[in-house]
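So the structure is just underneath, and the comments pick up after that.
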Amino acid sequence: MKVVVAYDGSKHAHKAIDQLQILNGPLDAVIVSVVRGPALGIRGTAVEVDQAEIDHARAALDKVAAELAARGVTARTRLAMGEPADVVVDIAEEEKAELIILGTRGLSLAKRIVMGSVSSNVLHHAPCAVLVVR
């Protein structure tokens, strides 16, 4: 089964990673971390992403891949930039994923309206089944 797991290093993302252990059969897992950006500044010029954010995301991916390998789960990692929901959906399409797994932070209705919800957006635009973990 081809699975894409969205990973940002949070405890909710770790719960999503843990779901790989309960899936049956051979897995082709891709762990995806998305750094928001690049963004447009107030004058419409591109604002670069902080290299420290990229380095932190890469280190988190490397760490979780090593943790999975220690549990006998092989996974590829992908680091991307952009809007997290869009990137996860795009990668799932590219990878021809059968399942996307991601955590949710459980935002209140007000925060979801203002900030949006990555899990909600993925759920509504995914090309495959989606498992949202609390």
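The values are calculated or read from the model by the stated rules, or taken from the named source; none is laboratory data. Please read all numbers here as calculations on a predicted model, not as lab measurements. All Cβ positions, glycine included, derive from the backbone under ideal geometry; neighbour counts span all protein chains shown.
List of remarks:
- Residue match in segment 21-29 (condition: in contact with a Ser or Thr (Cβ under 8 Å, 6 or more places away or on another chain), within 22 Å of LEU131 (Cβ to Cβ) and at pLDDT 95 or above): yes
- Among residues of segment 66-92, those that are in a helix (DSSP H, G or I) and either closer than 17 Å to VAL118 by Cα or touching a residue at least 60 places away in the same chain (Cβ under 8 Å) (or both), counted: 9
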